[in-house]
Amino acid sequence: MSDWIEGTVHERINWTRTHFSLRVSADLPPYQAGQFTKLALQAGEQRIQRAYSFVNPPGAPWHEFYIVEIPEGALTPRLGDLEVGDKLLIAANPAGFLTLDEIPAGRDLWMLSTGTAIGPFLSILAQGDVATRFDNLVLVHGVRFGAELTYQPLIRSFAEQWGDRFHYVPMVTRETWGIALGGRIPSAIEKGALEQKVGLNISAENSQVMICGNPEMVRDTQAILLARGLAKNLRRKPGQITAEHYW
Ligand SMILES: Cc1cc2nc3c(=O)[nH]c(=O)nc-3n(C[C@H](O)[C@H](O)[C@H](O)COP(=O)(O)OP(=O)(O)OC[C@H]3O[C@@H](n4cnc5c(N)ncnc54)[C@H](O)[C@@H]3O)c2cc1C
């Protein structure tokens, strides 16, 4: 059972018709980059609650959530109606294992995401410790349309900070878009296109791979990496693949 805290929408960023971010003021206990909490709204007698990852690094002046509105969804259309000053409920127990302290040592960190699941990786990158743990940082963002390649100023700031140690690979599935790779993340790995683009190989020896988002992408990518000799990262048996499904 969660304890709930009232939060206030402090700022709202509209990225596309369906994608938006909420910056929320609320007095939450400390959490780690990569973790999530639950947001909820009261609908009559019912409290509708879902999990959302923090986009901000810990210690930021607000808690930021990057959300896609699912038209038939129970909660996101209601979150989509929130404006600055509106109230919502936040669970007071942030949780989750997609955090740096769960990741064994390695040379290269690959962060593979679809859609709004880029959020926890932005938090980890903004927090900064990741750059002392790994030589190379690879952020892959798979989306359907180019307009969903959001958070570009923040991503540019990572490139400015870390130069050629930081690799950002946008991937767009439903249209051709500038320098973005086409197709899905698993097939880009299978065909070698992703590694060619980055100039690094994914291997059990050198890589740690964090995967977050669409369950099909997570499953398919894991299967390809397992076949290549990487192993799931478990507390009792460390490996190279750490994953979080968004649904
Ligand atoms: C650990 C964790 C962290 C999460 N963090 C985020 C986050 O930061 N941002 C976010 O937008 N969602 C996130 N989610 C998903 C979120 O909890 C909800 O499932 C989502 O917002 C849909 O809620 P809903 O009530 O509107 O839809 P529901 O009525 O619950 O319908 C769910 C359906 O919507 C689809 N769906 C769910 N999430 C997504 C998504 N992100 N992209 C595309 N389709 C989706 C699926 O088909 C799913 O079956 C996270 C989930 C988990 C488990």
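The values are calculated or read from the model by the stated rules, or taken from the named source; none is laboratory data. Only a predicted model underlies this, so the values are computations on that prediction, with no experimental measurement involved. Because the Cβ atoms are built from the backbone with ideal geometry, glycine has one as well, and the counts that use them run over all protein chains shown.
Applying the condition of being without any contact (Cβ under 8 Å) to a residue 60 or more places away in the chain and part of a strand (DSSP E or B) to segment 220-242 and asking which residue is surrounded by the fewest Cβ atoms within 10 Å (Cβ to Cβ) yields K232.
For the structure I just gave you, tell me whether E6 is of a type in the set (D, E) and either near the ligand (Cβ under 9 Å from one of its atoms) or in a loop (DSSP other than H, G, I, E, B) (or both). Give the steps one after another, and end with the answer.
Working: of a type in the set (D, E): yes; either near the ligand (Cβ under 9 Å from one of its atoms) or in a loop (DSSP other than H, G, I, E, B) (or both): no.
The answer is no for E6.
Could you please let me know if G7 is in contact with a His (Cβ under 8 Å, 6 or more places away or on another chain) and either touching a residue at least 12 places away in the same chain (Cβ under 8 Å) or buried (at least 20 other Cβ atoms within 10 Å of the Cβ) (or both)? So G7 passes the test. Residues considered: M217, M210. Of these, the only one that is part of a strand (DSSP E or B) and within 16 Å of the ligand (Cβ to nearest atom) is M210. Of all the residues in segment 90-129, those that are within 30 Å of R174 (Cα to Cα) and of a type outside the set (V, I, T) number 16. Per this entry, L109 is not counted among residues that are within 15 Å of the ligand (Cβ to nearest atom) and either in a loop (DSSP other than H, G, I, E, B) or closer than 26 Å to Q152 by Cβ (or both).
Counting only residues that are in a loop (DSSP other than H, G, I, E, B) and either aromatic (F, W, Y) or away from the ligand (no atom under 12 Å from the Cβ) (or both), segment 22-41 holds 8 of them.
Is it the case that G183 is at positive phi and surrounded by 13 or more Cβ atoms within 10 Å (Cβ to Cβ)? Considered against the rule, which asks whether it is at positive phi and surrounded by 13 or more Cβ atoms within 10 Å (Cβ to Cβ), G183 comes out as yes.
None of L139, L39, L109 is surrounded by 22 or more Cβ atoms within 10 Å (Cβ to Cβ), without any contact (Cβ under 8 Å) to a residue 40 or more places away in the chain and touching a Phe, Trp or Tyr at 6+ places or on another chain (Cβ under 6 Å) except L139. The residue that is surrounded by the most Cβ atoms within 10 Å (Cβ to Cβ), among those in segment 42-63 that are within 12 Å of the ligand (Cβ to nearest atom) and under 16 Å from the mean Cα position of the chain (by Cα), is S53. Q196 meets each of the listed conditions (1) out of contact with any Leu (no Cβ under 8 Å at 6 or more places or on another chain); (2) in contact (Cβ under 8 Å) with a residue 12 or more places away in the chain; (3) among the polar types (S, T, N, Q); (4) not in a loop (DSSP other than H, G, I, E, B) apart from (2).
Is it the case that T116 is within 9 Å of the ligand (Cβ to nearest atom) and either in a helix (DSSP H, G or I) or at pLDDT 95 or above (or both)? Judged against the criteria, T116 is a match.
Cβ-Cβ distances below 9 Å connect the following pairs, each with a first residue in segment 84-97 that is outside any strand (DSSP E or B), a second residue that is acidic (D, E), and a separation of six or more residues or different chains: V84/E11; A92/D3; A92/D27; N93/D3; G96/E244; F97/E244.
A quick yes/no check of all residues on (1) under 19 Å from A33 (Cβ atoms); (2) away from the ligand (no atom under 16 Å from the Cβ); (3) modelled with pLDDT of 95 or more; (4) under 12 Å from the mean Cα position of the chain (by Cα):
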position: F65; (1), (2), (3), (4): yes, no, yes, yes
position: E72; (1), (2), (3), (4): no, no, yes, no
position: L75; (1), (2), (3), (4): no, no, yes, no
position: A92; (1), (2), (3), (4): yes, yes, yes, no
position: D129; (1), (2), (3), (4): yes, yes, yes, no
position: V138; (1), (2), (3), (4): yes, yes, yes, no
position: I155; (1), (2), (3), (4): yes, yes, yes, no
position: Q161; (1), (2), (3), (4): yes, yes, yes, no
